[in-house]
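The values are calculated or read from the model by the stated rules, or taken from the named source; none is laboratory data. All of these numbers come straight from a predicted model, not from anything done at the bench. Quick reminder, even Gly has a Cβ in these numbers, built from the backbone with ideal geometry, and neighbours come from all protein chains shown.
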Amino acid sequence: MAQGVSNSNRPAKPPIWNDPVYRALFFQFLVLGGVIALGAYLISNTLDNLARQGIASGFGFLDTTAGFSILMSLIDYSEENTYGRAFFVGLFNTLLVAGIGIFFATIFGFLVGVARLSSNWLLAKMATVYIETLRNIPLLLQIFFWYFGVLRNLPAPRDSAMVMESFFLNNRGLYSPRPVFEDGFALISWAFVAAIVIIIFMAKWAHKRQEKTGQQFHTVYASIGIIIGLPSIAAVIAGFPMSWNYPELTGFNFTGGIVVIPELVSLALALSLYTATFIAEIVRSGIMAVSHGQTEASYALGIKPGVTLRKVVIPQALRVIIPPLTSQYLNLTKNSSLAAAIAYPDLVLVFGGIVLNQTGQAIEVLSITMAVYLTISLLISAFMNWYNNKMALVER
Amino acid sequence: MRKSVKILSAIAAAAFVSSAANAGTLDDVKAKGFVQCGVSQGLPGFSNPDANGNWTGIDVDLCRAVAAATLGDASKVKYSPLSAKERFTALQSGEVDVLSRNTTWTATRDTALGLNFAGVNYFDGQGFMVRKSLGVKNALELGGASVCTNLGTTTELNVADYFRANKLEYKLVAFEKADEVVAAYDAGRCDVYTTDRSGLAAQRFKLGKPDDHMVLPEVISKEPLGPVVRHGDDQWFDIVKWTLYAMLESEEMGINMGNVDKMKGSDNPGIKRILGVEGDVGKNLGLQPNWAYNIVKQVGNYGESYDRNVGPDTPLMLARGVNNLWNNGGLMYPMPAR
């Protein structure tokens, strides 16, 4: 009955131009259409102007032979390869330095953040001084400092600092022996994979057993034993199918071995030390956000301080830490483009610098470069959001 | 990051501005009252600011000559210091009116970038600089060396070609700014510093101990350096081209800063034509009849500019060589001004 009454009371349907739903749709289409039209106008106008000025356009240049060499490359590259391949060389170098930077910035940032809260006066003050100094000096200056300041004090190749005739340090980089894999090495690789699988199952088993019986298992020590032990046994069985390629001084420089160029070291160092200061402050704020009562309750239950930090404080602090941590990772990745200043061949130097200048196709090159940074940033963001959801408080 | 912003704004300009770049550059220059000239970020002898911020150099003199020809006042120039990477975008987008920045004339740059080279104001070639202590006597002994240079230059490509052609190993360390190349070479990052030989002579003075270094005898490339303008404005192209020719022609005819007023009264028809007493070269260019007079009076002829900036009496000590006039055994050959 009530249903019928409300039905009869409803006002007559308004005409379509007065219906808020259709109105909203209409204006949204209008704005969308405007944006598309503006975009189309900009693109056609750009192409028009380029054609009128006789500037080459299009992406055909990616298949052209590059003709320049690149200082460091994770994939095979020579002057005969194309601009397209040079792009990937730059991309991988960017990912490498960003990856190394994020790894060390995270570890170092956590250590310093915890240290600043330490009850040890000296440790806390040292952490404070480190944070306040490094985060207040522009990053570019720090990169120059680590590059030119350190480079100038390293010896020339002929007077290299040397450890055990196999590690050499000079102003061309750090040289170390490179492992050369021979037949039968596959067995060791498989043993390594097997070790990882075993560890995963062991950790699950130990976790279940602790939940059921309260008995703890030394997962960490057991894991280290397995991950070293299994491949070692495999190596003995296969008869050590591996040799070392030692760096050797020939002419001007060392050849052979693995070389870590000073550009990579100084860039990664500057990026991690700089970003670590911000991460340290984020970690400190995260820990301080956890009520002190939690720690006291944990101590009252007789839990050791280390375990309290790991199992009580940090899991709660992480919820506060992760979102701003994500922005620091994004910052670090984007800051890695300062590489161009010290000749580290990252994406901006190789593609946005050399390729842009050799081809003159600024619009194409920069659109690709921007799209790449956007993609990397969105991927990091997506991963951190996923991790954040996993870490979020599960309401029961 | 500032560089990218510059290039991005240039792209934005290409997208939004409807062909402003093709409008008459001469009218633009007259309207704003100065010539915007793209120069290097500091290369002694070519374009380098002194302690008071005044730019000097052979490339700067060309900018000043263009201002003298178009505006009658050589001081009406504003300079945009550009890196090798920024220079073409700055010119394409109309940020500068003329690029006079020790830039090598190549086919790709002349055709695919929408640019025109208005001549050559310095014939150069690429060379190598090494420490004397290395004991290297020629470039073929450089196998395995680390080589420092500027990125985005012909230098970078030439050195790749040279080492490949001679089957030599090398490591190329490429920096964006010339100052960083010099600093890294000085710090021992590289065994070799390579750029145009004039550049080596100039940058050598930025090294801690210039006398510990030497330039190897090899010249591995042709580097004709000259002023560049945009495609599509033939009048402006002509003006820059004939500014350069006027400097060469006046040297050939013996007109210089000191005697130009006296030369105006000369009976030689060639001198009369170039100084605008006779004929209408100036009018055809869209300039005042005394355009070339202004150039010589205020900037000097090519020889004076050369001697003042890079010649044997300057710290660079570069002999005139191929940059001499054609009738003195060089390659400089101005077209007849008639």
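The set of residues in segment A:54-107 being in contact with a Gly (Cβ under 6 Å, 6 or more places away or on another chain) and among the acidic types (Asp, Glu) consists of A:Glu79 alone. Considering segment A:214-322, the qualifying helices (runs of 4 or more DSSP H), each wholly inside and each with 1 or more residues that are more than 30 Å from A:Ala195 (Cα to Cα) and within 14 Å of another protein chain (Cβ to nearest Cβ), run over A:262-289. Every condition in (1) among the charged types (D, E, K, R); (2) in a helix (DSSP H, G or I); (3) touching a helix residue (DSSP H, G or I) at 6+ places or on another chain (Cβ under 7 Å) holds for B:Lys272 except the one numbered (3).
The single condition from (1) crowded, with 17+ Cβ neighbours inside 10 Å; (2) closer than 25 Å to A:Asn331 by Cα that A:Ala66 fails is (2). Among the residues of segment A:59-80, those that are within 11 Å of chain B (Cβ to nearest Cβ), free of Cβ contacts under 8 Å to residues at least 24 places away in the same chain and assigned to a loop (DSSP other than H, G, I, E, B) comprise A:Ser69, A:Ser78, A:Glu79, A:Glu80. Taken over segment A:142-170, the criterion of being within 14 Å of chain B (Cβ to nearest Cβ), within 18 Å of A:Gly256 (Cα to Cα) and of a type in the set (S, T, N, Q) is satisfied by A:Ser160, A:Asn170.
Take the residues in segment B:159-168 that are surrounded by fewer than 19 Cβ atoms within 10 Å (Cβ to Cβ) and more than 8 Å from chain A (Cβ to nearest Cβ), then tell me which one is nearest to B:Lys209 (Cα to Cα). Among residues in segment B:159-168 that are surrounded by fewer than 19 Cβ atoms within 10 Å (Cβ to Cβ) and more than 8 Å from chain A (Cβ to nearest Cβ), the one nearest to B:Lys209 (Cα to Cα) is B:Leu168. Can you tell me which residue in segment A:333-356 is nearest to the other protein chains (Cβ to nearest Cβ), limited to those that are not in a helix (DSSP H, G or I) and not hydroxyl-bearing (Ser, Thr, Tyr)? The extreme case among them is A:Ala343. Checking each residue in segment A:49-58 for being closer than 27 Å to A:Phe87 by Cβ and either at the interface with chain B (Cβ under 10 Å from one of its Cβ atoms) or in contact with an Asp or Glu (Cβ under 6 Å, 6 or more places away or on another chain) (or both) picks out A:Asn49, A:Leu50, A:Ala51, A:Gln53, A:Gly54, A:Ile55, A:Ala56, A:Ser57. Of the strands (runs of 3 or more DSSP E) lying entirely inside segment B:190-267, not one is found with 3 or more residues being on the phi > 0 side of the Ramachandran plot and of a type in the set (D, E, K, R). Residue count for segment A:360-396 satisfying the condition of being of a type in the set (S, T, N, Q), assigned to a helix (DSSP H, G or I) and buried (at least 19 other Cβ atoms within 10 Å of the Cβ): 1.
Where helices (runs of 4 or more DSSP H) fall entirely within segment B:46-113, those with at least 1 residues that are more than 14 Å from chain A (Cβ to nearest Cβ) are at B:58-71. In segment B:216-265, which residue that is buried (at least 16 other Cβ atoms within 10 Å of the Cβ) and of a type in the set (Gly, Ala, Ser) is farthest from the chain's Cα centre (by Cα)? So the residue we want is B:Gly232. Would you confirm whether or not segment A:27-42 contains a residue that is in contact (Cβ under 8 Å) with a residue 24 or more places away in the chain, within 30 Å of A:Gln361 (Cβ to Cβ) and facing chain B (nearest Cβ under 10 Å)? No, every residue in segment A:27-42 fails to be in contact (Cβ under 8 Å) with a residue 24 or more places away in the chain, within 30 Å of A:Gln361 (Cβ to Cβ) and facing chain B (nearest Cβ under 10 Å). The residues listed here are A:Asn45, A:Asn93; of these, the one that is surrounded by 13 or more Cβ atoms within 10 Å (Cβ to Cβ) and modelled with pLDDT of 90 or more is A:Asn93. Applying the condition of being in a loop (DSSP other than H, G, I, E, B) and either within 14 Å of chain B (Cβ to nearest Cβ) or modelled with pLDDT of 85 or more (or both) to segment A:171-184 and asking which residue is surrounded by the fewest Cβ atoms within 10 Å (Cβ to Cβ) yields A:Pro177.
Residue count for segment B:121-158 satisfying the condition of being buried (at least 19 other Cβ atoms within 10 Å of the Cβ), more than 7 Å from chain A (Cβ to nearest Cβ) and out of contact with any helix residue (DSSP H, G or I) (no Cβ under 7 Å at 6 or more places or on another chain): 8. Please verify whether segment A:119-129 includes one or more residues that are assigned to a helix (DSSP H, G or I), modelled with pLDDT of 90 or more and either within 18 Å of A:Val265 (Cα to Cα) or within 14 Å of another protein chain (Cβ to nearest Cβ) (or both). No: zero hits.
Somewhere in segment B:267-275, is a residue within 28 Å of B:Phe46 (Cα to Cα) and at pLDDT below 95?
At the first step, the residues of segment B:267-275 found to be within 28 Å of B:Phe46 (Cα to Cα) are B:274-275.
Now restrict to residues that are at pLDDT below 95: B:274-275.
Yes, segment B:267-275 contains at least one residue that is within 28 Å of B:Phe46 (Cα to Cα) and at pLDDT below 95.
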